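Engineer: Provided herewith is a single structure, encoded as structure tokens, for subsequent inquiry.
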Amino acid sequence: MNNKYEQAFAKFDCQLDDAKVQKAVAALISDNRAKYDTPETLRYLLTTVELTTLLCTDSDQSVMQMTERVNDFFDEHEDLKPIATICVYPRFAAAVKATLQTEGVRIACVSGGFPASQTFPEVKTIETALAIKDGAEEIDMVLSVGAFQQGDYETCADEISEIKDTCGEAPLKVILETGELQHASDIMKASVLAMYSGADYIKTSTGKVAVAATPEAAYVMCQAIKQYHKETGRWVGFKAAGGIKTPAEAVDFYTIVREVLGQEFIDLGLFRIGTSSLANKLAGAILQEEGKKYF
């Protein structure tokens with residue numbers, strides 16, 4: 001049953017040594033980070049932000065207030081390009097749509113039984129369809145990690161394909177939950193599986209487990225994207241999410257993406273960072289007003 005998936009994996013460098021990956025990432029950042037640690041990079045990084053609220057205490061009122069803060073900030077700072085998206089639970093897509101006025105900011109929703117992906121496939125597709133109906137322009141779903149770890153690649157691929165069909169033209173981001181994958185080789189395989197199944201972006205984490213985005217996971221995923229582009233000619237985006245709290249950490253991730261995937265990838269707007277706190281710190285660093293809350 002999994003023969004076709006093993007054949008796909010065989011086209012990629014899936015036999016990775018975790019220690020070698022760690023060493024390669026450390027060298028890449030050490031050798032290249034300084035040239036990207038600039039005010040221009042911080043301004044760019046603000047445009048990659050998916051401003052996220054995924055709390056049990058979220059409400060229509062709190063989500064609308066956050067959206068209004070985005071409107072107010074970019075009205076006041078017209079020289080800054082806006083963030084990429086506001087990312088919320090599906091039930092709040094309509095609230096964001098009713099409030100959002102900043103041109104260029106898209107509405108993203110987590111869907112498909114986020115964050116554990118442990119619900120019926122039919123529920124996943126219905127939730128996605130309802131999110132899009134209410135205004136979601138991008139969808140973030142979670143890989144069925146348990147099925148993946150059992151080698152049930154068919155189930156994983158079918159779910160991704162079905163949700164992508166439901167998305168239509170809306171970009172689909174597949175969250176690999178890399179902190180739950182055991183080795184770099186698993187992250188590479190999950191990346192390949194997601195891309196061949198229709199992912200428009202691959203994303204590190206939900207932010208709901210102990211280990212979230214790491215430079216090592218980002219490096220492996222970017223290598224997968226590079227190899228996939230060489231194999232198919234199609235670019236797939238990359239989203240780092242979960243635990244990225246400071247501009248310095250964001251520059252680390254930018255360095256990996258820029259060095260592995262190049263300027264063309266950056267110019268296509270395919271790099272995203274999902275965060276609930278980084279946007280304020282990036283804006284503060286840009287405006288030299290550290291410690292202020294804008295969003």
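The values are calculated or read from the model by the stated rules, or taken from the named source; none is laboratory data. What you are looking at is a predicted structure, and each value in this text was computed from that prediction instead of being measured. Please note: Cβ atoms are built from the backbone with ideal geometry, for glycine as well, and neighbour counts cover all protein chains shown. Ligands, DNA and RNA are excluded from the accessible area calculation, which covers all protein heavy atoms including side chains. Shrake-Rupley method; radii C 1.70, N 1.55, O 1.52, S 1.80 Å.
Engineer: Would you mind finding the one in GLU122, GLU40, GLU103, GLU78 that is within 30 Å of ALA157 (Cα to Cα), at pLDDT 95 or above and either assigned to a strand (DSSP E or B) or acidic (Asp, Glu) (or both)?
Structural biologist: GLU122
Engineer: On the given criteria, is SER111 in contact with a strand residue (DSSP E or B) (Cβ under 6 Å, 6 or more places away or on another chain), farther than 19 Å from ASP58 by Cβ and not acidic (Asp, Glu)?
Structural biologist: no
Engineer: Would you call ASP72 more than 23 Å from the chain's Cα centre (by Cα), surrounded by fewer than 23 Cβ atoms within 10 Å (Cβ to Cβ) and assigned to a helix (DSSP H, G or I)?
Structural biologist: Answer is yes for this residue.
Engineer: Are any residues in segment 195-245 closer than 13 Å to PHE265 by Cβ, outside any helix (DSSP H, G or I), open to solvent by 20 Å² or more (accessible area, probe 1.4 Å) and touching a Leu at 6+ places or on another chain (Cβ under 7 Å), and if so, which ones?
Structural biologist: Scanning segment 195-245 gives a single hit, TRP235.
Engineer: If you don't mind, there's one more thing I want to ask. Of everything in segment 11-42, what is in contact (Cβ under 8 Å) with a residue 12 or more places away in the chain, among the polar types (S, T, N, Q) and open to solvent by less than 70 Å² (accessible area, probe 1.4 Å)? Give them in sequence order.
Structural biologist: Passing the criteria: ASN32, THR41.
Engineer: Further question: I'm checking my understanding of the structure. Among residues of segment 166-187 that are in a helix (DSSP H, G or I) and touching a helix residue (DSSP H, G or I) at 6+ places or on another chain (Cβ under 6 Å), which one is surrounded by the fewest Cβ atoms within 10 Å (Cβ to Cβ)? Can you show your working first?
Structural biologist: Residues of segment 166-187 in a helix (DSSP H, G or I): 166-167, 178-180, 184-187.
In the following step, the residues that additionally are touching a helix residue (DSSP H, G or I) at 6+ places or on another chain (Cβ under 6 Å) were identified as 166, 178, 180, 184, 187.
Numbers: THR166: 22, THR178: 29, GLU180: 17, ALA184: 24, ILE187: 30.
Here the answer is GLU180.
Engineer: For residues that are within 21 Å of ARG272 (Cβ to Cβ) and either aromatic (Phe, Trp, Tyr) or open to solvent by 30 Å² or more (accessible area, probe 1.4 Å) (or both), tally how many sit in segment 152-165.
Structural biologist: Step one: filter segment 152-165 for residues within 21 Å of ARG272 (Cβ to Cβ), giving 160, 163-164.
With the extra rule that they be either aromatic (Phe, Trp, Tyr) or open to solvent by 30 Å² or more (accessible area, probe 1.4 Å) (or both), the set shrinks to 164.
Qualifying residue count for the region: 1.
Engineer: If a residue has to be under 13 Å from VAL105 (Cα atoms) and either assigned to a loop (DSSP other than H, G, I, E, B) or open to solvent by 40 Å² or more (accessible area, probe 1.4 Å) (or both) to count, how many in segment 43-68 make the cut?
Structural biologist: Of the residues in segment 43-68, 1 are under 13 Å from VAL105 (Cα atoms) and either assigned to a loop (DSSP other than H, G, I, E, B) or open to solvent by 40 Å² or more (accessible area, probe 1.4 Å) (or both).
Engineer: While we're on this one: Which is at pLDDT below 95, closer than 29 Å to SER191 by Cβ and surrounded by 15 or more Cβ atoms within 10 Å (Cβ to Cβ), of ALA108, ALA8?
Structural biologist: Being at pLDDT below 95, closer than 29 Å to SER191 by Cβ and surrounded by 15 or more Cβ atoms within 10 Å (Cβ to Cβ) holds for just one of ALA108, ALA8, which is ALA8.
Engineer: Separate question: Suppose the filter is open to solvent by less than 40 Å² (accessible area, probe 1.4 Å) and either under 30 Å from ASP75 (Cβ atoms) or modelled with pLDDT of 95 or more (or both); does ARG272 pass it?
Structural biologist: yes
Engineer: Right, another one. So if I check each of ASP58, ASP134, ASP140, which one is out of contact with any helix residue (DSSP H, G or I) (no Cβ under 7 Å at 6 or more places or on another chain) and either within 26 Å of VAL211 (Cβ to Cβ) or modelled with pLDDT of 95 or more (or both)? Step through it out loud before you land on a result.
Structural biologist: Numbers: ASP58 fails: out of contact with any helix residue (DSSP H, G or I) (no Cβ under 7 Å at 6 or more places or on another chain); ASP134 fails: out of contact with any helix residue (DSSP H, G or I) (no Cβ under 7 Å at 6 or more places or on another chain).
Exactly one residue qualifies, and that residue is ASP140.
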